[in-house]
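Undergrad: Here it is, the structure, as structure tokens.
The values are calculated or read from the model by the stated rules, or taken from the named source; none is laboratory data. This one's a predicted model, so the numbers in the text were calculated from it and none came from an experiment. Backbone-built Cβ (ideal geometry, glycine too); neighbour counts: all protein chains shown. All accessible areas refer to the heavy atoms of the entire protein, side chains included, with ligands and DNA or RNA removed. Shrake-Rupley method; radii C 1.70, N 1.55, O 1.52, S 1.80 Å.
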Amino acid sequence: MPLRDIDDLEKLKKINAALVSRVERSMDQQVNAFSLFQTAISLENQVRTRTEELHTTLRRLERSNIELSAAKENAELANLSKTRFLAAASHDVLQPLNAAHLSVSALAEVQTSEEGKKLVRQVERSLETMEDLLRTLLDISKLDAGVVQPEIGDVSLEALFSSLRSDFLPEAQNKGLSLKFRPVNVVVRSDRTLLRRILQNILSNALRYTRSGGVLVGTRHRGDTIRIDVADTGCGIPDDQREAVFEEFHRGISSLTEAGLAGGLGLGLAIVRRMAAALGHPVTFSSKVGRGTIFHIDVPVGMSAAAEPAAGAADMERPRGYGLFGTKVLLVENDTDVLGAMTSLLERWQCLVRAATSTDDALDLIGDTDWVPDIVIADQHLDGGDLGTTTIAEVRDYLGRSVPALIVTADGSELVAKAARAAGIELMRKPLKPAQLRALLAHLLA
């Protein structure tokens, strides 16, 4: 109907209101569409900004990873360099330390006064502490650098326990403590040297932290695992020090002071944790303050059915009536101080010593006379790049027989140990303990 034909005012108002409402809805829709468009543009800008920020962050992270990788490589190289340096430095320091050990031992044998003997014992203890510190620092360095490769094989616990008993029984007796090893006829899979060091350090701590009672070493069979227990009646380890005891130079001073005991270097358990990790042997402990501690080492059962008795270090260290009188010793050593100290010590034992500094010198000594050595003692690293193992081989070849021989060296590398084993040569590390040297010589000459 045309608007001019509508004469009802109310109808006109209703039509107008409807038209206005329709227009407003249309405008609202346009506004909403525009608003959505603006929002979309804003969101797109935000996404673009965030994407650029993410790309920038990723590029920074990539650069950081490259820098971290380079830093890690440099750190590893530095660690290996540190290990090599410590090994070389330790060799150089152990040489005069060995000469000092030998000289003090010779000095001890000529002392007649109690005061002189007391001073000699003090010097010996100081030298042993210095030796322990140097060897332990070198061991920690090697373990941290990952250059220690365990040689896993069957290890007789009975032979190992016998060796440890021989080492620690005198110390326990001097302190008035008992030291017992429960008999065990079993073999485990481990590296004998590293496992011995673990038990040696734990036993040393057990005796140091125990004032009365003693230490007991035993085993328990747990499926495919042998658990070695080292129990003491010492001062115990507080709960708040359970992790700290494995840290370097931690000595539990408060516990020691309360118990009236003297501490060590604080490196024993740090070495234990590293060696145990290298072997894959879990080490745990339970402890009660004032009552004692039990350390547990879990080691896989060996492949052999039973342990075979073997002549180990303990047998060598038991004197067999030293009988060195008149023994002819060919001594090959290029360090003047060590050569003099070793000669003096051997002559105090009534040995007949001829000294050389190289392979040629050694061959000259046995080539120009009818003097035939009963035993050859040689350092591994000699003048002119000669090796002690080579010198011994050439002496044996010249004599036409496998004369007993001993390598005495400050070189702690496994390469030297393997070369000595392959040639059937005994090996001792510098600094020497004269009593062990004399016992080993008696064993080789028996």
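Undergrad: Going by the structure shown, is GLY326 in a loop (DSSP other than H, G, I, E, B) and modelled with pLDDT of 85 or more? Spell out the reasoning first.
TA: Working: in a loop (DSSP other than H, G, I, E, B): yes; modelled with pLDDT of 85 or more: yes.
Spelling it out, GLY326 is indeed in a loop (DSSP other than H, G, I, E, B) and modelled with pLDDT of 85 or more.
Undergrad: Can you tell me which residues in the stretch 189-199 are open to solvent by 50 Å² or more (accessible area, probe 1.4 Å) and more than 14 Å from LEU157 (Cβ to Cβ)? Before the answer, list the steps.
TA: The initial filter retains those residues of the stretch 189-199 that are open to solvent by 50 Å² or more (accessible area, probe 1.4 Å), namely 189, 192-193, 197.
Passing the criteria: THR193, ARG197.
Undergrad: Tell me whether the stretch 174-188 contains one or more residues that are open to solvent by less than 20 Å² (accessible area, probe 1.4 Å), part of a helix (DSSP H, G or I) and without any contact (Cβ under 8 Å) to a residue 60 or more places away in the chain.
TA: No: the stretch 174-188 contains no residue that is open to solvent by less than 20 Å² (accessible area, probe 1.4 Å), part of a helix (DSSP H, G or I) and without any contact (Cβ under 8 Å) to a residue 60 or more places away in the chain.
Undergrad: I would also like to ask the following. Please determine, by comparing only the residues of the stretch 265-287 that are in a loop (DSSP other than H, G, I, E, B) and surrounded by 19 or more Cβ atoms within 10 Å (Cβ to Cβ), which one is modelled with the lowest pLDDT.
TA: Initially, the stretch 265-287 is screened for residues in a loop (DSSP other than H, G, I, E, B), giving 265-267, 280-282.
After this cut, where a residue has to be surrounded by 19 or more Cβ atoms within 10 Å (Cβ to Cβ) as well, the list is 267, 281.
Numbers: LEU267: 64, HIS281: 93.
By that ranking, first place goes to LEU267.
Undergrad: If I filter the stretch 205-246 down to residues being modelled with pLDDT under 90 and closer than 15 Å to GLY176 by Cα, which single residue comes out as surrounded by the most Cβ atoms within 10 Å (Cβ to Cβ)?
TA: Looking at the filtered set, the residue picked out is TYR209.
Undergrad: Name, by its number, the condition in (1) surrounded by fewer than 18 Cβ atoms within 10 Å (Cβ to Cβ); (2) part of a helix (DSSP H, G or I); (3) at pLDDT below 80; (4) not acidic (Asp, Glu) that does not hold for LEU94.
TA: The failed condition is (1).
Undergrad: Taking strands (runs of 3 or more DSSP E) that do not extend beyond the stretch 369-446, which have at least 2 residues that are open to solvent by 60 Å² or more (accessible area, probe 1.4 Å), aromatic (Phe, Trp, Tyr) and touching a strand residue (DSSP E or B) at 6+ places or on another chain (Cβ under 8 Å)? Quick ask: steps written out before the conclusion?
TA: Numbers: elements: 375-378, 405-409, 426-429.
Correct list: empty, since no element meets the threshold.
Undergrad: If GLN350 satisfies all but one of (1) open to solvent by 30 Å² or more (accessible area, probe 1.4 Å); (2) over 19 Å from MET428 (Cβ atoms); (3) touching a Pro at 6+ places or on another chain (Cβ under 8 Å), what's the number of the condition it fails?
TA: (3)
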